[in-house]
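Have a look at the structure below, then the notes.
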Amino acid sequence: MTAVLNPATEETIAELPEASAEEADAAVARAKDAFPAWRAVTPSDRARLLRRLAALVEERGEELARIESENVGKPISGARAEVGMVAEVFHFYAGAVDKHHGETIPVAGGVDMTFREPLGVVGLIVPWNFPLNIASWKLGPALACGNTVVLKPAELTPLSSLRLGELCLEAGIPEGVVNVLAGKGSIVGQRLVEHPDVAKIGFTGSTEVGRSVMEGAAATIKRVTLELGGKSANVIFADADLEKAAAAAPYAVFDNAGQDCCARSRILVESSAYDRFLELLIEATAGVEVGDPADPRTEMGPLISEEHRRKVASFVDGEVAFRGAVPDGEKGFWFPCTLVEASNRDRVAREEVFGPVAAVIPFADEAEAVRLANDTPYGLSGSIWTRDGARALRVARAVEAGVLSVNSNSSVRVATPFGGFKQSGFGRELGMQALEGYSETKNVYFSLE
Ligand code: NDP
């Protein structure tokens, strides 16, 4: 049995059996059996089932948000917003079912047409930082395309996915279409990657494990979508609205206690505005409410585990520009909001901290800003703050990242594509683009002779 903890109290909130490789095989077999009937469900009925699932998520929103908040340690206000997004994701893909279609292509001698075929059984492997959200980003398009699914949540945070599996059944999605299996990545995850009957792996997690998923998938030429780590830059030019940029910056890196692949954990600031910006940034960071995740005013909770706290702490060894407060003498894996002045060569600027630690780095001009932003193996997201529209677009085009925002730090929306360049992975989630990753294009030529 594995104990599932509340990271804010260190209390055990559930004990679950750990699934074995044989149970993973059995889940794949169930999904395989369910596939022919599920792919044959008419598009309008499949859409109706997804819509019902969306409505159920809305109806049980408070329960799901509490499960997520307790299991991940995330503030309840954030958990509510995330569950709201989960419902929106299922609504979106309900609407997408009959809008993802093939084309007819003019050719000699007949008619050429394309079809979007489901892949079969897909394995979805998700991390602990946004368990339900990321599960829905994969489940929505996978089901919309007519695939059946084995979903493996992270061992630390299985509770919301297990509940979602029950809601799928309650919504009327047939038995066997969605199989949620809680177990270790090295056992259940690995088995899904190797299994000959799994056609695709949708993976979100670390670049290191992503690499091994890609290697493992090669044996069966499995399709993979990899959403991996990030080390995103928040680029602040001197002509930006500095007050607005500084007020927003803490939430772009300390949200979810920094355990966010999109965290703008490198704050690049034009030298001429550096001192003023740092002053404003410290003031804004001091205002972040850290504490009990159940309190609706709380903006940042604890880290996920003691082991993770040790890893995050290893990035802060010297002087800091600012260190925030954490609940005093209480249990929980707390870590304060921390700002460090750094160069882009320092470890804190090169590796993904995945905790509430931001590196503030000066740059001289636009060319240096772009060079520093791109001087990382990652390429997930980032922001550009300036009042010069042409510069904003020039820099946005030059930064090697998949998801950028100008005068804003928000990069995740249900209707728009999300995913990385370079070692942040490949494939796109969300938007209509996600459907490409859960279907094959079939080309049929029909002779008229
Ligand atoms: P991991 O890569 O350790 O785990 C991710 C998932 O993979 C978990 O479900 C884990 O299972 C599973 N897993 C572990 N080993 C294997 C294996 N050998 N084969 C198959 N599956 C396996 O990442 P974390 O959960 O620690 O998440 C943090 C990392 O994820 C960060 O680096 C972060 O940047 C990245 N991430 C990227 C996102 C993106 O969209 N780009 C979003 C969120 C996080 P288990 O934990 O049960 O062992």
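See the values below:
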quantity	calculated
Scan of segment 340-384 for residues that are touching a residue at least 40 places away in the same chain (Cβ under 8 Å), open to solvent by 10 Å² or more (accessible area, probe 1.4 Å) and farther than 25 Å from residue 311 by Cα, ordered by number	362, 364, 365, 366
Any hit, segment 184-201, residues being of a type in the set (Lys, Arg), under 24 Å from residue 26 (Cβ atoms), within 8 Å of the ligand (Cβ to nearest atom) and touching a Gly at 6+ places or on another chain (Cβ under 6 Å)	no
Failed item, numbered, when residue 439 is tested on (1) away from the ligand (no atom under 12 Å from the Cβ); (2) farther than 19 Å from residue 119 by Cβ	(2)
Filtered residues of segment 414-425 (kept if of a type outside the set (S, T, N, Q), within 14 Å of the ligand (Cβ to nearest atom) and within 13 Å of the chain's Cα centre (by Cα))	417, 418, 419, 420, 425
Test result for residue 146, under 30 Å from residue 60 (Cα atoms) and away from the ligand (no atom under 16 Å from the Cβ)	yes
Boolean, residue 142 is buried (at least 24 other Cβ atoms within 10 Å of the Cβ) and under 30 Å from residue 195 (Cβ atoms)	yes
For residue 54: the one exception among (1) under 29 Å from residue 296 (Cβ atoms); (2) assigned to a helix (DSSP H, G or I); (3) in contact with a strand residue (DSSP E or B) (Cβ under 8 Å, 6 or more places away or on another chain)	(3)
Elements of type helices (runs of 4 or more DSSP H) contained in segment 154-242, each with 3 or more residues being modelled with pLDDT of 95 or more, of a type outside the set (S, T, N, Q) and open to solvent by 10 Å² or more (accessible area, probe 1.4 Å)	159-170, 207-218
Residue in segment 99-109 that is surrounded by fewer than 24 Cβ atoms within 10 Å (Cβ to Cβ) and within 16 Å of the ligand (Cβ to nearest atom) present	no
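Residues checked against (1) of a type outside the set (Ser, Thr, Tyr); (2) over 26 Å from the mean Cα position of the chain (by Cα); (3) within 21 Å of residue 291 (Cβ to Cβ); (4) in a loop (DSSP other than H, G, I, E, B):
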site: 312; (1), (2), (3), (4): yes, no, yes, no
site: 316; (1), (2), (3), (4): yes, no, yes, yes
site: 330; (1), (2), (3), (4): yes, yes, yes, yes
site: 333; (1), (2), (3), (4): yes, no, yes, yes
site: 340; (1), (2), (3), (4): yes, no, no, no
site: 353; (1), (2), (3), (4): yes, no, no, yes
site: 360; (1), (2), (3), (4): yes, no, no, no
site: 368; (1), (2), (3), (4): yes, yes, no, no
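The values are calculated or read from the model by the stated rules, or taken from the named source; none is laboratory data. Model, not experiment: these values are computed from the prediction. When we count neighbours, we look across all protein chains shown, and the Cβ atoms used for this are built from the backbone with ideal geometry, even at glycine. Only protein heavy atoms, including side chains, enter the accessible area calculation; ligands, DNA and RNA are left aside. Shrake-Rupley method; radii C 1.70, N 1.55, O 1.52, S 1.80 Å.
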